[in-house]
Amino acid sequence: MSAIYLSEIHHLDADAREQALQALHDYLTEQLGASVSRRDAELVFSGTGYSGTVLLDEETLHGELKLSLLMRPLKGTITREIEAVLARYLEGE
C-alpha cells in the first residue's frame, strides 16, 4: 500500500473545526461512498481502494490516507486535490 501523510498547522476556532470535520464527513460518505466513524476530533474512514484517518486538533491537522495498489498511480493527483482542499478550509483561500 502507498500512503499520503498530512500535517498542517491551522488557526481554526472550535466552531470552524467542527464545520470542517462535518463537511469532510459528509463529503466522504455522500460523494465517495466511504464508511466513516467519528470519535471527538478524529474521523476514521474506508472506501474502495483507500482507508485513512484525519485528526483536527486545536492547532494541527494530521492525516493518513492509505491507497490500494490500484489507486497508487493516482497518488500525485490525489495529493494535489487534498492540498487544494486543505488550503481552502485551513487557510481561507
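Structure summary
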read-out: Residue in the range 80-88 that is of a type in the set (Asp, Glu) and without any contact (Cβ under 8 Å) to a residue 24 or more places away in the chain present; value: yes
read-out: Residue check for Thr53: of a type in the set (Ser, Thr, Tyr) and modelled with pLDDT of 95 or more; value: yes
read-out: Hits in the range 63-80 (condition: modelled with pLDDT under 95, open to solvent by 40 Å² or more (accessible area, probe 1.4 Å) and assigned to a strand (DSSP E or B)); value: none
read-out: Scope the range 1-44; condition over 13 Å from the mean Cα position of the chain (by Cα), surrounded by 15 or more Cβ atoms within 10 Å (Cβ to Cβ) and of a type in the set (Asp, Glu); matching residues; value: none
read-out: Residue count for the range 39-62, restricted to those that are farther than 19 Å from Leu86 by Cβ, part of a strand (DSSP E or B) and charged (D, E, K, R); value: 1
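The values are calculated or read from the model by the stated rules, or taken from the named source; none is laboratory data. All values derive from a computational prediction rather than experimental measurement. Positions of Cβ are generated from backbone atoms using ideal geometry, with glycine treated the same way; all protein chains shown enter the neighbour counts. Surface accessibility is based on the protein's heavy atoms, side chains included, excluding ligands, DNA and RNA. Shrake-Rupley method; radii C 1.70, N 1.55, O 1.52, S 1.80 Å.
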